[in-house]
Structures are given as C-alpha cells and as structure tokens.
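The values are calculated or read from the model by the stated rules, or taken from the named source; none is laboratory data. Computed from a predicted structure; not experimentally measured. Every residue, glycine among them, receives a Cβ derived from its backbone with ideal geometry; neighbour counts consider all protein chains shown. For accessibility, only protein heavy atoms count, side chains too; no ligands or nucleic acids. Shrake-Rupley method; radii C 1.70, N 1.55, O 1.52, S 1.80 Å.
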Amino acid sequence: MSTFYLRQRHQLDNGVNMVFDDAFHAVYLVAGRSGKKHDEISVYDMSGNVLVRIEQTSFGILPRFNLRYHGQVIGSISLTFGHLGDFVFIRKLNWLISGNFIANRYIITHNTKKLLSVKPSHQPDGIYNKLNVTYDTQASLHIAIVALLDIWGIRSSLLRHFKWLPGQKGIYNITMSRKC
C-alpha cells in the first residue's frame, strides 16, 4: 500500500500537476484537460514516458472517457448527474467509485476489495488529495482517475462557486472561491 499526494485542481494556474509520494518526492506528472471531445489527461513518469491517458470521447452534459494504459484501451468511464454522493462505474475493469466528488472523499472498489481511498489533506503549500493505493502497480491508473474526478467535481457541481477547505477537527467549511 502506497500513499500519494495530488494537488487539488482549483489551486493550479496551469494544466500541469505533480504527484508526490509520502516523503513528498515527485514521482508522477499529470497534464492535460477535459471539456472538449478528444481532450486528454495524461500521467507521465518522471522520465517523460506516458503511462496512462484518459481521452474524452464525447462531450456535453454527460461526457464519456476511454482509459488507456500503455496504449491499450482497458476501460471506459461515463460520468453522471448528482455529485453529492454518487457512483461512477468503470466498464471492463468492473471498478466502482463511490463517495462525494465535490469534497474529494471517495473510494474505488472491485467487488469487495478496496483499491483506493481519497481524502483531502491540508499541507503548508495548499490542499492536496491524499491517495491511499492498495496495489502499487495500479497507482498511475488511480492517479489519472483522481485527476479526472477532481476536474469533473469542480465543473459539474451546482456549488462550483464554492470550494471546500479543511476546517478545524476535520470539519469542512464552505468559503467563497475567487475564481467564479
């Protein structure tokens, strides 16, 4: 089991994001965007090799995405309405994502086995998504999915003008975002 940190998207000025391990050493790079057909989110290792690509295959209110691992399509993701405690199913992999995508608190499971848990983590330089990955070989896949859900959670939310910040004792307070 490994822990990774991915900065939350609403704190970034550009489309590039570094992924850190639990010692805060850079291990992956996430780049790309979504919103238009054929847009991609890619995960690279620190040598510049593409590990995972998520390509948007349709646009609109309910977009679809293909998940590519080393060039092979291994799954597809269709996003749905109602992200205040919803489910997303990844076809072909039979993974279920459940939780609150706006607050970035969710898990990915396969049958009864938890593969990933995500929750916000407040660090001195900003708010990160803390990823607890069960299988290290799947880390790049999970990082790509978390990056996609981070973007989608902000864009699809009816509360998109708000951002969720950790308050005292793990309680989340709503504060106005400057980028409305």
Quiz prompt | Qualifying positions in segment 102-124 - open to solvent by 20 Å² or more (accessible area, probe 1.4 Å), of a type in the set (A, V, I, L, M, F, W, C) and in a strand (DSSP E or B) | solution = Ile107
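So, Gly75, is that one surrounded by fewer than 14 Cβ atoms within 10 Å (Cβ to Cβ) and under 25 Å from Met18 (Cα atoms) or not?
Values: surrounded by fewer than 14 Cβ atoms within 10 Å (Cβ to Cβ): no; under 25 Å from Met18 (Cα atoms): yes.
Against the criterion (surrounded by fewer than 14 Cβ atoms within 10 Å (Cβ to Cβ) and under 25 Å from Met18 (Cα atoms)), Gly75 does not qualify.
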